[in-house]
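Before I ask anything, let me first share the structure, which is written out below as structure tokens.
Read-outs: derived from the displayed coordinates by stated rules, not from any lab. Only a predicted model underlies this, so the values are computations on that prediction, with no experimental measurement involved. In this analysis, Cβ positions are derived from the backbone assuming ideal geometry, glycine residues included, and neighbour counts consider all displayed protein chains.
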Amino acid sequence: MRDLGSWKPLEISPESVGAERGVDGLAEHLDSLPDLGNLLARERALVFRDFGVTREELDTVMDRLLPNRAAYVHGNSPRTKVGQNVYTSTEYPPEFVISMHNELSYAHQWPSRLLFFCDIAAESGGATPVVDAALWLSSLDDEVREAYAGGVRYTQNLHGGRGLGKSWQETFETDSADEVERFLTDAAASWEWLRGDTLRVIQDRPATLRHPVTGEEVWFNQSDQWHPAALGEDAAALARVMPAEDLPQSVSFADGSPIPAEYVLQVRDRGLAAAVDVDWRPGDLLLIDNVLVAHGRRPFTGSRRVLVAMSS
């Protein structure tokens, strides 16, 4: 049986694989791998350290690591698009921890892989913590796992250009309401247009998932990131004066019953406690299996620019 507590990403450097430093050396190494997909499923996350890849050379690597690069459609994190389906990793203020999550686990379709690239390392802090999602699941109390067995319900209120949170235009990367409705129909989501061009989206999703290759059951939801109890005092204060269904985003169990605050705090805190930090040097890359591994961000000082791309 795999020892869940001993996991960490596999670190690959020019010295460890006998490759030349630079993007050509990394590309040659990647081309020599017999099956990157199986390697990633086995190791769960790969860190490519000290190859010295530059931002201008990033496409060469992404073409090999992300065969079907996807857009961040229906994403709820604030990002800036900086290239062909390449984004800033997040734009939350640097003093905040971003808790562990699998990207787009609340959506009907999520990326299978994420690739992070360090363009500028922070002056201090700024690591990307990663956690084995099977370990995260096993770390939770039986009471919490059982309560989540029926799944969760996510509710979003996306304004039409002015309001709290992201607009529906930003979220779906389009100004076409018809296009958004087609997307949501395909996603088996419920939605309605409210006053002021606000779009309310409701989705019922599972709390856990089985990996298509390994068969492992993993924790796979973002309830703690959608619940005001886990988002600090500002979110908690807003939740005290607004009904949950009117918040920019909220979450309940799939039957509509509330998720106790102590449950989401346990989920958040145990995910972070079990995480392994990936510290950044400029030019480093991190490839993760987005089902087997969740990720977050540690606080930092100074400038930090980490880019992310994803693959379906």
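Exactly which GluC sites (Glu not before Pro) in segment 81-144 are in a DSSP loop and have at most 14 other Cβ atoms within 10 Å?
Those that pass, being in a loop and sparsely packed, are E91, E95, E123.
With +1 on each Lys and Arg Cβ and -1 on each Asp and Glu Cβ, how big is the dipole of the chain about its Cα centre, in debye rounded to the nearest 20?
My answer is approximately 260 debye.
Let me ask you something else. With unit charges on the beta carbon (Lys/Arg positive, Asp/Glu negative), name the residue among S250, W280, V61 whose Cα is farthest towards the positive pole of the charge dipole of the chain.
The one lying farthest along the dipole's positive direction is S250.
If contacts are Cα pairs under 8 angstrom and at least 6 residues apart, what is the relative contact order of segment 137-269 in percent?
Worked out over segment 137-269, it gives 31 percent.
Right, something else. Cα axis of helix 177-186 to longest principal axis of the chain: angle in degrees, 0 to 90, nearest 10?
That works out to roughly 80 degrees.
Separate question: Mind listing the long-range amide H neighbours of M100? Cut-off is under 5 Å, sequence gap 5 or more, other chains count too, H placed in the peptide plane at 1.01 Å from N.
Hits under the 5 Å cutoff: L272.
Also, I was wondering about something else. Provide the three semi-axes, in whole Å and in decreasing order, of the ellipsoid equivalent to segment 119-241 as defined by the square roots of 5 times the Cα gyration tensor eigenvalues.
Working from the Cα gyration tensor, I get semi-axes of 29, 21, 18 Å.
Follow-up question, since we're still on this one. Please list, ordered by chain and number, the residues whose modelled amide H lies under 5 Å from the amide H of F48; skip anything fewer than 5 residues away on the same chain.
HN-HN under 5 Å from F48: I12, L285, L286, L287.
Compute the FRET efficiency between L164 and T301 as 1/(1 + (r/R0)^6), taking r as their Cβ-Cβ distance and R0 = 25 Å, and round to the nearest 0.05.
With R0 = 25 Å, the Cβ-Cβ based efficiency is 0.35.
Relative to the longest principal axis of the C-alpha atoms of the chain, give the angle of the C-alpha long axis of helix 261-273, reported between 0 and 90° and rounded to the nearest 10°.
10 degrees
Semi-axes of segment 1-117's equivalent ellipsoid from the Cα gyration tensor, sqrt of 5 times each eigenvalue, largest first, rounded to whole Å?
In descending order, the three semi-axes are 25, 20, 15 Å.
Continuing with the same structure: By how many degrees, 0 to 90 and rounded to 10, does the Cα axis of helix 23-32 deviate from the longest principal axis of the chain?
Helix 23-32 and the main axis of the chain meet at about 90 degrees.
Separate question: By how many nm would the segment from H108 to A187 grow when fully extended, if each residue of separation counts as 0.36 nm and the alpha-carbon distance is taken off?
Length difference between fully extended and current span is 27.9 nm.
If you count the DSSP beta bridges with both ends in segment 137-269, what percent of them are antiparallel, to the nearest 5?
Among the beta bridges of segment 137-269, antiparallel pairing accounts for roughly 95 percent.
Can I ask one more? For segment 210-215, take each phi angle, set θ = phi - 60°, evaluate the Karplus expression 6.51 cos²θ - 1.76 cosθ + 1.60, and give the result in whole Hz per residue in order, putting x for glycine and proline.
The phi angles translate into 9, 5, x, 9, 7, x Hz.
Can I ask one more? Which of rounded, prolate, oblate describes segment 203-304, given a ≥ b ≥ c as roots of the alpha-carbon gyration tensor eigenvalues and a/c under 1.5 marking rounded, otherwise prolate only if a/b is larger than b/c?
Taking the square roots of the gyration eigenvalues as a ≥ b ≥ c, segment 203-304 is oblate.
Right, next: Under a point spin-label approximation (7 Å from Cα along Cα-to-Cβ), what is the V213-N38 distance to one decimal in nm?
Distance between the two pseudo-spin positions: 1.0 nm.
Under 5 Å between amide hydrogens, which residues at least 5 positions from R113 or on another chain qualify, with H placed 1.01 Å from N in the peptide plane?
Answer set, sorted by chain and number: N290, S311.
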